[in-house]
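Accompanying notes for the structure given below.
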Amino acid sequence: MEPFDALQGIENLTKFSGIAAVLGTVLLIFLVWRRTKSTHPLMSMLWRIADGKNKCSDKEISKFLSTRSSLMQFRFTTGIPIRLHSQISTLLQWSKNNEEDIGDIAGCGGYFDFEKPELIENNIPKTWYVGMLILLGIFCLLFSITLGIAAIPDKAFLQIKKSEKWVMVDTQFVKRFSLFYDFPAFGTENCEKNKSDIEKRSGLNNNDINLMCNLLKDEKKINYLKETIREQRFIFIFYMVFILAFLPSNYKGIFNYFMAIAMRNRQTARNKAIRELEDYSV
């Protein structure tokens with residue numbers, strides 16, 4: 001039996017091609033929906049593809065669709081999930097009267113009531129909750145960095161099917177992969193000597209060692225390893241980018257918290273200054 005038949009790379013475990021296409025499409029749709037909180041942009045695009053027209057001949061429907069599209073554009077560009085088009089002017093007026101930038105209002109997220117409009121100070125969370133969000137974000141960041149580092153070396157990550165142990169393999173050496181222990185590597189020279197010594201130090205059993213030694217001696221291994229390394233790099237980088245793409249969502253709660261705190265402090269200072277000015281005037 002060829003040694004390649006007893007091994008499988010990461011690409012075989014993840015069925016990556018199909019997953020990448022699905023995840024990429026879902027990510028794009030999710031981004032539009034998350035910003036607009038509506039399927040209107042997607043449905044409008046599908047209708048234009050199906051009907052081939054950009055405008056509706058009915059004036060009333062055309063006006064409604066235009067207003068609806070303007071609302072979606074406002075939501076997407078500002079990140080403010082305001083419910084009605086008529087509420088936009090009220091929000092802009094509040095922004096002007098209270099000397100707050102529309103970006104700062106959007107930054108408050110769920111801590112701002114866009115319909116009243118006003119800052120909901122009672123909803124601002126405690127510090128421990130924000131600490132948990134920070135830890136979650138750090139974990140995701142470290143995991144994506146780990147994926148990026150794993151994509152650098154010219155080593156193939158392979159799993160031995162029978163023992164289910166993971167190994168790192170290049171053209172000359174084999175090393176068992178472990179997060180908790182640094183196993184020594186062995187090469188073709190070790191295979192020609194005492195294999196029992198390899199078994200003691202490598203963390204692999206005799207069958208695994210024979211399999212890996214046969215792989216190292218196989219002349220076809222270079223092309224096999226090159227192809228495996230190329231595919232696993234693509235996989236590692238894709239998932240690294242995919243996780244990093246969702247990090248802003250994880251940190252959104254933290255950002256909203258600090259933006260709400262900053263707005264609360266500005267409004268408190270502003271109201272205090274107004275009261276002092278009124279007292280001075282009296």
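What does the accessible area per residue of the chain come to in Å², with a 1.4 Å probe and no ligands, DNA or RNA counted? Result: 64 Å² of accessible area for each residue. Which entry in (i) 1.20; (ii) 0.95; (iii) 1.14 matches Rg/Rh (Cα atoms, Kirkwood Rh) derived from the coordinates of this structure? Computed from the coordinates, Rg/Rh (Cα atoms, Kirkwood Rh) corresponds to (i).
Let me spell out the model: positive unit charges on the Cβ of Lys and Arg, negative unit charges on the Cβ of Asp and Glu, origin at the Cα centre of the chain. What dipole size does that give, in debye rounded to 20?
In total the dipole reaches around 480 debye.
Restricting attention to the stretch 131-210, the count of lysine pairs at 8 or more positions apart or across chains with alpha carbons under 15 Å apart stands at 4.
Here the chain exposes an accessible surface that is 59 percent carbon and sulfur, computed with a 1.4 Å probe and the other protein chains kept in place. Compute the angle between helix 16-36 and the longest alpha-carbon principal axis of the chain, please, reported from 0 to 90 degrees and rounded to the nearest 10. Helix 16-36 and the main axis of the chain meet at about 10 degrees. On full extension, the segment bounded by residue 247 and residue 69 gains 61.2 nm, given 0.36 nm per residue less the C-alpha separation. Structural descriptor for the stretch 138-206: relative contact order 18 percent, calculated from alpha carbon pairs under 8 angstrom and at least 6 residues apart.
With the simple model of a label 7 Å out from the Cα in the direction of the Cβ, residue 139 to residue 99 spans 4.3 nm. For the chain, the Cys residues with no second cysteine's beta carbon closer than 4.7 Å are 56, 108, 140. The simple Förster model, with R0 at 41 Å and r as the Cβ-Cβ distance, assigns residue 123 and residue 233 a FRET efficiency of 0.40. Considering only 249, 184, 207, whose Cα is most displaced toward the positive end of the charge dipole of the stretch 148-280, charges sitting on Cβ of Lys, Arg (+1) and Asp, Glu (-1)? The residue sitting most towards the positive pole is 249. The listed residues 32, 241 rank as 241, 32 when sorted by accessible area, largest first, using a 1.4 Å probe.
In the chain, helices alone account for a calculated mean residue ellipticity at 222 nm of -22000 deg cm²/dmol, with every DSSP H run of four or more residues adding -39,500 (n - 2.57).
The values are calculated or read from the model by the stated rules, or taken from the named source; none is laboratory data. Computed from a predicted structure; not experimentally measured. So basically every Cβ, Gly included, is an ideal-geometry build from the backbone, and we count neighbours across all protein chains shown. With ligands, DNA and RNA removed, areas are computed over all heavy atoms of the protein, side chains included. Shrake-Rupley method; radii C 1.70, N 1.55, O 1.52, S 1.80 Å.
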